[in-house]
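Heads up: the structure comes next, in C-alpha cells.
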Amino acid sequence: MSSDDELAGRLRAGDQAALRVAYERHGAAVLYLAQRLLGNRADAEDVTQLTFVAAWTGRDGFDPQRGTMLGWLLGIARRKAVDRLRSAAREERKAETVAAHPATPVEDTPERIVDRLVVADELERLPEEQRRTLELAFFDDLTHPQIAAVTGLPLGTVKSHIRRGMANLRRRWEVDGAALGSRSAGPSRAL
Amino acid sequence: MQHLDPDRLVLLALSEEREELTEADHLTHCTSCQQELRSLRDVATVGAEVQDLRDLPAPPEHIWQGIAAGIADSPPDAPVSVAPAVALAGPRRRRDRSRWLTPVLAAAAAAIVAVAGTVAVERFTGRAPGEQVTARATLSPLATVPASAGGYVQVLADGQVSIDVRNLPLTTGFHEVWLLDPDDLTKMVALGNLPDTPKAVLPLPPGTDLNRYRLVDVSDEPHDGDAAHSGNSLLRGTLTK
C-alpha cells in the first residue's frame, strides 16, 4: 500500500492512476460524507465526482506534511457540498418557497461526520492488537480486565494498547479533524 | 499532588472507573489534566460512533467514469474548474466558436480517455449477427452532467447511425447529435436531433470521414434559431472500429 507521500508525488507528476488509487481508497468516505450532508444520492454522487476532479486540478495544493490525503479530500468534499446546499437555498428563495430545515443535531454536523471518518480511517491503520483492543473498548464497551480475558493478553498490555491507540487516534484527529478549534487547546501531552 | 497518571486518565475517559476524591480535587485545579481528560473523552466518544463507518460500500464505477472524463489533460495549475461545459454557455455567435472550443478540447480529450477502456471491452462482447456495425462508441457524461447519463452509438454498414441515450438532463430546448473532429473542434458534422425516445436512428451524411469526425457529441440546444453547436455538450465518446 503506497503512502500518502508517494501518492502525492505521483499525483503531482500527473499520474492519473494515482487518482484512481485515491478514489479506491477514499471514494467511499467522500461519498458517505456527501450523502450525509446533502441527503440525496444523486447530489452526493455529483459532489463526489466534483471532489475528485477538483482534487486532480488542485493536486499541487496537497501537502502530506499538513494532513493526510483523506483529510484533504474530505475538506474539498465538504466545501463542494456546502456550495451545493447554498445554491439550492438560493434556488428556493428564487422560487419563493420556504422550506423548513430541521435543526441539525450536534452529532450530525459536517465537522462531526468528518471527524468520525478520519478516526475510522486511523483505526484501520493501527497495529492489529491496538485496533482490536480499542474496538472492544469502544464498540463492545468492555473494561480493561474484560478485554484481557477476551483476548488473552496480559492486563498491562491491554492498558498500553488502549493508551497508545487512543493517542494515535487523537494525533490523527488533531491533524485532520474538522471540529478541533473548539476541542483541544494546547499540544497533547505524550501519553 | 502530581498530575494524573496517563493510564488513569484513559480509564476515566472511558468511564470505566470513577474519580477518587483526590483526583476530582486535582482536576478542578489543574487545567492541563482537565484538557487531557476532555480530549481523551472526545476521542472515546467519536471512537464509539465509528463502528458503522468501518466497511463503507465501495463507490460505484460510474462516478469514476465521470471523474476520468473530467480530469484528462487538465493542466495542473489550471484554476479549479470542474465544469468546462458551463463556461461554454456564453453569448452564441457563430464566428466566436474558437472561444468556447478551447475549453471543450480538454473535455473532449477526457472523454476519449474515459471511453477507450470501455470500448475495448465492448468490441469483444459481440452483437447480433446480420447487424453489421462498422464503428461504435460508448458515450460518457461530461463533468457537469449527472454521472448516470450515458449512451451507446453504433454506425451501421448501411450508413445509419443508431444511438441509445439514458438519463440525459431535461432540456427546455432539444438534444442534438454531432460528429466532431477531435484534432480541430471547430470542425463538425451535425447528425440530427434526438427524439424523446431512448433509441434513435439518424442518417450519416454520405461521404463523412469517420476517421476524422470520430468524436460523437450530444449537446443541449436551445430553440434560438441558431444552427451552430451551442457549446453545451452533455455526452461524448469516440468511435472505434
* To do: Determine, for each peptide in A:19-30, B:50-61, the mean count of other beta carbons within 10 angstrom over its residues, then list the peptides with the highest first.
  => A:19-30, B:50-61
* To do: Take every residue in peptide B:137-144, count the Cβ atoms of other chains within 10 Å of its Cβ, and give the average of those counts.
  => 1
* Structure fact -> Ordering B:226-232, B:204-210, B:8-14 by per-residue average of other C-beta atoms within 10 angstrom, highest first, gives B:8-14, B:226-232, B:204-210
* Dividing the alpha-carbon Rg of the stretch B:6-53 by 2.2 N^0.38 Å yields what? -> 1.23
* For B:Leu239, what charge total do you get from the other residues with a beta carbon under 10 Å from its beta carbon, if Lys and Arg give +1 and Asp and Glu give -1? -> +3
* Check the straight Cα-Cα distances from A:Lys80 and name the aspartates and glutamates below 19 Å, setting aside those fewer than 8 residues away within the same chain. => A:Asp43, A:Glu45, A:Asp46, A:Asp60, A:Glu91, A:Glu92, A:Asp108, A:Glu111, A:Asp115, A:Asp176
* To do: Using only the Cα atoms of the stretch B:124-222, construct the convex hull and provide its projected area averaged over every direction, in square nanometres to one decimal.
  => 7.1
* Please state the Cα pair-distance histogram of the stretch A:1-101 with 10 angstrom bins from zero: what percent is in each bin? -> 16, 43, 25, 11, 5, 0
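Within 12 Å, Cβ to Cβ, of A:Gly9, how many net charges do the neighbouring residues add up to if Lys/Arg are +1 and Asp/Glu are -1? Don't skip to the answer; put the middle values down first.
On the way: positive: A:Arg10, A:Arg12, A:Arg59; negative: A:Asp4, A:Asp5, A:Glu6, A:Asp15, A:Asp60, A:Asp63.
Its environment carries a net charge of -3.
No value in this document is a laboratory result; all are computed from the given coordinates. Predicted, not measured: the structure shown is a model, and the values here were computed from it. Cβ atoms come from the backbone with ideal geometry, glycine included; neighbour counts cover every protein chain shown.
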